[in-house]
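Visitor: Input: one structure, supplied below.
Since every read-out is calculated from the coordinates, none of them should be taken as a lab result. Because the structure is predicted, anything quoted here is derived from the model rather than measured. Every residue, glycine among them, receives a Cβ derived from its backbone with ideal geometry; neighbour counts consider all protein chains shown.
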Amino acid sequence: MLLAPLVQPAPTLPLVGSRTAHQLRVPGTRAPEARVACGPTLALFGFAAVAGLGLADRKGRRTARRALSKDEWRARCSNSSGGQVTFDVSVTKPLGVELREFPDRPGVGVAQIMPGGGVSNLNEQVLVKGAEGMWVLEGDEVVAVNGAPCAGGDMDSVVPLIGAADATVTLTLVRNWLKTPKGPIKVVFLPSGDSTSVNRTTPLSEVARSCEEQVRYGCRGGHCGSCWHQEISTGKVFKLCCESVPTNWDNTMPLILKADPQKLGLEDISAPSLV
């Protein structure tokens, strides 16, 4: 199945999309332009670019939120089995997302989250400000809309359910955290609150660059400590200059990195060239 390009012209609501791609946009906004196209293909939709990389939600926020454990994030889901989690989110319309059919199996998923929409606002409240509930990630499959089942459906069956909903719509979503293909990872930087969704194994220096994080690199092997960030849920220290997004990360929870430099580098050098 051939898919339309990820970024499409921005029609006004209501939208007339193709059978494989449909954007539920915020009126008056333009489709964002990806600044970075790197890393492995996002297997869930076959995109040639890293999902969300270069589309960071940047609003200059500064925040300090309580760290949640993996079990606490799982407790916010209605089911966790078979390498998947199922959960509900209530989102204000317009959702500000692009939905697409999966290219290699039945079902409709979230292909792109656009700034300013209901989903983006929900994610900010939960991921940055510490609100209750779950959040939405590219690759999540829509299996019900306001309680009406649509698992394994196509665009013609899922989009009308959302269109017929009131100002707030409840989506039941399924996310692969262990089951193949594993979904992408949501990376959040503190204290800025900037975030983006990336494939596993994406170099963390590229993730930081896409979010325009001000990271000082004083060496190329992580020894000087200037680029160190601590993941707030696990306490693990990541060296951005030489480490990547972990392959085994449970994406039920975000990867939240708080700047934790041990000292300033002796020289301000760029991160290693990555291809």
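Visitor: Quick test for you: out of Glu138, Glu132, pick the one residue that is under 22 Å from Glu212 (Cβ atoms) and among the charged types (D, E, K, R).
Guide: On the way: Glu132 fails: under 22 Å from Glu212 (Cβ atoms).
None of the others qualify; the one that does is Glu138.
Visitor: Let me ask something additional. Among the numbered criteria (1) in contact with a strand residue (DSSP E or B) (Cβ under 8 Å, 6 or more places away or on another chain); (2) exposed (fewer than 15 other Cβ atoms within 10 Å of the Cβ), which one does Thr180 miss?
Guide: With respect to (1) in contact with a strand residue (DSSP E or B) (Cβ under 8 Å, 6 or more places away or on another chain); (2) exposed (fewer than 15 other Cβ atoms within 10 Å of the Cβ), Thr180 is out only on (1).
Visitor: Within the stretch 215-236, can you find the residues that are under 30 Å from Asp140 (Cα atoms) and out of contact with any Asp or Glu (no Cβ under 7 Å at 6 or more places or on another chain)? Before you say what the answer is, go through the steps one by one.
Guide: Step one: filter the stretch 215-236 for residues under 30 Å from Asp140 (Cα atoms), giving 229-236.
Glu231, Ile232, Ser233, Thr234, Gly235, Lys236 - these are the residues of the stretch 215-236 that are under 30 Å from Asp140 (Cα atoms) and out of contact with any Asp or Glu (no Cβ under 7 Å at 6 or more places or on another chain).
Visitor: Same structure, new question: Counting residues that are over 21 Å from Gly130 (Cβ atoms), which strands (runs of 3 or more DSSP E) fully inside the stretch 156-199 reach at least 1? Before you say what the answer is, go through the steps one by one.
Guide: Details: elements: 168-176, 185-190, 195-198.
Those strands (runs of 3 or more DSSP E) span 168-176, 195-198.
Visitor: Being more than 25 Å from Arg66 (Cβ to Cβ), buried (at least 20 other Cβ atoms within 10 Å of the Cβ) and in contact (Cβ under 8 Å) with a residue 60 or more places away in the chain: is that true of Glu101 here? Lay out the reasoning, then the answer.
Guide: Numbers: more than 25 Å from Arg66 (Cβ to Cβ): yes; buried (at least 20 other Cβ atoms within 10 Å of the Cβ): yes; in contact (Cβ under 8 Å) with a residue 60 or more places away in the chain: yes.
Yes; evaluated as a whole, the condition is true for this residue.
Visitor: Search the stretch 199-225 for residues that are on the phi < 0 side of the Ramachandran plot and pair each with any residue that is polar (S, T, N, Q) and assigned to a loop (DSSP other than H, G, I, E, B) when their beta-carbon atoms are under 7 Å apart and the residues are at least 6 apart or on different chains.
Guide: Arg200/Thr247; Glu213/Ser192; Arg216/Ser226; Tyr217/Ser226; Tyr217/Ser270; Gly218/Ser226
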